[in-house]
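What follows is a single structure, written as structure tokens, with notes after it.
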Amino acid sequence: STMRERKTTDPPHSSTDLSEGKEKLRLKQEVGLISGVSLIAGTMIGSGIFMSPEWVLHHMGNPASSLLIWAACGLLAMFGALSYAELGTIIKESGGEYIYILRIFGSFPAFLFAYTSVILVRPASLAAVCLSFAEYAVAPFYPGCSPPQVVVKCTAAACILLLTIINCLNVRLATSVMNVFTAAKLLALLVIVVGGLVLLAKGQTQSFQNGFQGTTPGIGAVGVAFYQGLWSYDGWNNLNYVTEELKKPEVTLPRAVMIAIPLVTCLYLLVNVSYLAAMAPSELLSSGAVAVTWGDKVLGSWAWLISLSVALSTFGSSNGTFFSGGRVCYIAAREGHMPDILSMAHVRRLTPSPALMFTSMMSLIMIISGNFTSIVNFFSFIAWLFYGMTISGLLYLKIKKPELPRSYKVPIIIPIIMLIAAVYLVLAPIIDQPQIEILYIIPFIGSGVILYFPLVHFKCHPRFLQSITLHLQLFLEVAPTTRDAN
């Protein structure tokens with residue numbers, strides 16, 4: 001097609017891979033160990049630890065069992081990340097779950113993942129983080145009352161547009177923003193942890209007496225509590241989305257995982273203990289913004305620092321989510337599962353700008369139509385459906401193809417535990433507490449099945465799309481990242 005015949009006019013950044021018979025415009029390998037740890041920790045520590053504690057406590061019914069959920073979520077995130085680290089050293093390509101499902105199970109399930117991820121899952125994740133950023137950013141301007149939803153949504157939209165500009169300009173700029181904001185949010189969490197330890201030393205342990213009293217029974221309640229807790233750990237797999245941009249991925253990927261996730265888990269547990277030291281469970285449940293309530297009680301006139309810190313934290317997290325989410329769209333398009341224009345990179349800046357712009361547009365639609373809690377439940381159900389499929393792919397490779405070269409191996413019991421957890425998290429809320437957001441997913445995936453056969457399998461592409469792609473390519477100054485050398 002006309003789109004595939006265009007070549008980049010920027011030869012210094014092109015390279016030829018004779019073994020594949022393709023000339024490639026490549027994204028730069030600019031993500032090292034520190035940036036890798038920042039990408040994982042910086043994305044994980046976002047809105048969740050400041051928004052989810054009240055919901056985990058609400059579903060579990062008491063402080064002790066809610067702390068167990070937080071610890072279990074950290075362990076599960078670690079198991080998942082270690083499993084993905086092995087996959088990342090076998091299949092050294094960007095794209096996370098999408099590229100693993102494609103290489104192991106084939107085109108059809110990979111298309112369904114790409115379709116749901118690019119149009120729903122990643123934009124939903126970004127929208128939820130930006131909404132929580134907006135809640136905390138505007139909170140100081142509305143003391144004693146909830147800010148108007150129109151103000152919150154406009155602020156969230158402005159956040160997404162700013163992130164689009166940063167990520168389209170330069171990969172190094174995006175990773176530098178990640179590193180700075182990760183340092184800021186770690187400092188904010190340390191303030192909360194130290195404040196909590198001081199309160200405990202003074203004997204404020206009332207919340208922990210009879211800790212298991214009033215535990216909520218039911219597998220559905222535990223499943224939804226896990227959804228809210230695991231939302232706070234979301235991002236444990238983010239480095240697998242940018243494998244091609246890692247320096248020495250076979251070393252950087254496992255090391256970054258082993259540093260970032262235990263660090264985040266310890267911080268989350270200590271922050272939850274600090275919240276419960278400062279507030280009775282009933283106060284925590286009635287708080288719209290837990291960290292702000294903690295700041296009012298512990299820091300007094302300096303409480304504004306917490307709102308600022310949380311806003312910085314969630315902005316940094318949304319940057320990490322955006323950075324990796326755009327890559328899924330870009331890789332899926334490069335493999336022929338999305339429109340060609342989304343597989344292209346800017347000829348000078350070497351960023352996948354069309355994919356980033358598309359992700360931004362879908363996130364803006366999510367912000368207009370959704371709220372934080374419904375978006376989290378919706379995101380979690382569909383994400384764990386595909387996590388389970390990806391982990392089953394790893395088990396298949398371990399059993400059927402043990403001879404494949406890999407620089408890191410995870411014990412087989414870990415992906416087995418992860419798969420059982422994924423099945424539980426998908427089925428438990430459906431069986432016990434079916435929610436309307438989950439029912440929307442079935443017809444959406446069905447529409448993906450309908451689209452796959454004409455557009456991907458039989459490659460029926462209307463001619464006017466070629467003309468639109470060519471005009472967009474000229475306007476955005478982008479070129480295909482791969483093309484047939486013939």
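Just to be sure I understand: of the beta bridges DSSP finds with both ends in the chain, what percent are antiparallel, rounded to 5?
On the way: 10 of 11 bridges.
Approximately 90 percent, going by the DSSP bridge assignments.
Charges at C-beta only: +1 for Lys and Arg, -1 for Asp and Glu. How large is the resulting dipole of the chain about its Cα centre, in Debye rounded to 20?
Taking the Cα centre of the chain as origin, the dipole is about 920 debye.
Angle of helix 463-476 to the longest C-alpha principal axis of the chain, folded into 0 to 90 degrees and rounded to 10: 70°.
Positive-end ranking of Q204, A277, M51 along the dipole of the chain, with charges on Cβ about the Cα centre, is headed by M51.
The residues of the chain have, on average, 40 Å² of accessible surface per residue, using a 1.4 Å probe with all protein chains present. Per the Debye calculation on region 28-142 with a single equal scatterer at every Cα and no solvent contribution, log₁₀ I(q)/I(0) for q = 0.15, 0.18 Å⁻¹ amounts to -0.97, -1.23.
Heavy-atom surface analysis with a 1.4 Å probe gives region 80-205 a carbon and sulfur content of 72 percent of its accessible area.
Extents of the chain, taken as max minus min of Cα coordinates on every principal axis and listed largest first, are 75, 50, 41 Å. For region 33-479, relative contact order (Cα pairs under 8 Å, six or more residues apart, normalised by length) works out to 34 percent.
The values are calculated or read from the model by the stated rules, or taken from the named source; none is laboratory data. In this text, all values refer to a predicted model and were calculated from it rather than measured experimentally. Here Cβ is always computed from backbone atoms with ideal geometry, including for glycine, and neighbour counts include all displayed protein chains. Just so you know, the surface numbers come from the protein's heavy atoms only, side chains and all, with ligands and any DNA or RNA stripped out. Shrake-Rupley method; radii C 1.70, N 1.55, O 1.52, S 1.80 Å.
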